[in-house]
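Read the structure below first, then the notes.
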Amino acid sequence: MLSRILPARVDSRFRGHVLALWLFVPITLMMIAISLLHIFSADGGAQSVSTMPLDTYPAGAAQNVIALMSRLGLEQLLLGLIALVVLLRYRALIPLMYLVFVAHYLGYQAIAGMKPLALAGVSGASTPAIVIAAASGVGLVLSLVGKGYRRRY
């Protein structure tokens, strides 16, 4: 199983189920789109998406939150671009990328449980995050099975 996540040979041959490959495309595009919203939105998505009450913060504090959200967008953009490179050139690493996506979501949830945000309402970011995490979980399973893997006895 580990050899499917960390293949000895990294090439453009995807060995998992074809649905995992097709599922990887919208996940990658969603991640890039979300990252661009954080980078280019005036509030970094903090108030408009995540319902952080920026208008109740002192100006400096609100600016810091916006700057941090934009930097978060850069991190997400880099992860999305790595996923795009994997999709276009190194498809053997798709199972690893799915594992990274699932680990990212689980880590995010663990940290959010330890250090929750004070929001003015329900965050609009939770639905896309759940969709990406669920699709990544399904994609991970599908990418680890397939006719491209030969059984060794």
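General remarks:
- Here A83, A134 are screened, and the one residue that is of a type outside the set (V, I, T), free of Cβ contacts under 8 Å to residues at least 12 places away in the same chain and under 18 Å from T28 (Cβ atoms) is A134.
- Single residue of the range 17-46 satisfying the filter (of a type in the set (F, W, Y) and surrounded by fewer than 21 Cβ atoms within 10 Å (Cβ to Cβ)) that is nearest to G146 (Cα to Cα): W22
- Yes/no for V100 being assigned to a helix (DSSP H, G or I) and in contact with a Gly (Cβ under 8 Å, 6 or more places away or on another chain): no
- Meets criteria (of a type in the set (S, T, N, Q), touching a residue at least 24 places away in the same chain (Cβ under 8 Å), part of a loop (DSSP other than H, G, I, E, B) and touching a Ser or Thr at 6+ places or on another chain (Cβ under 8 Å)) for S50: yes
- Test for A118: is it farther than 24 Å from V65 by Cα, among the hydrophobic types (A, V, I, L, M, F, W, C) and surrounded by fewer than 17 Cβ atoms within 10 Å (Cβ to Cβ): no
- Pairs linking a residue in the range 141-153 that is modelled with pLDDT of 75 or more to a residue that is loosely packed, with under 13 Cβ neighbours inside 10 Å and not in a helix (DSSP H, G or I), with Cβ atoms under 7 Å and 6 or more positions apart or on different chains, are L144/M1.
Table: residues versus (1) of a type in the set (F, W, Y); (2) within 12 Å of the chain's Cα centre (by Cα); (3) more than 18 Å from A129 (Cβ to Cβ).
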| position | (1), (2), (3) |
| --- | --- |
| Q76 | no, yes, no |
| V86 | no, no, yes |
| L96 | no, no, yes |
| V100 | no, yes, no |
| Y108 | yes, yes, no |
| G113 | no, no, no |
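- Filtering the range 47-61 to residues that are surrounded by 19 or more Cβ atoms within 10 Å (Cβ to Cβ) and not hydroxyl-bearing (S, T, Y) leaves Q47, V49, M52, L54.
- Every residue from the range 1-16 that is surrounded by fewer than 17 Cβ atoms within 10 Å (Cβ to Cβ), assigned to a loop (DSSP other than H, G, I, E, B) and among the hydrophobic types (A, V, I, L, M, F, W, C): M1, L6, A8, V10
- Unmet criterion (only one of (1) assigned to a loop (DSSP other than H, G, I, E, B); (2) farther than 24 Å from P7 by Cβ; (3) small (G, A, S)) for G113: (1)
The values are calculated or read from the model by the stated rules, or taken from the named source; none is laboratory data. Being a predicted model, the structure only gives us computed values, none of them experimental. When we count neighbours, we look across all protein chains shown, and the Cβ atoms used for this are built from the backbone with ideal geometry, even at glycine.
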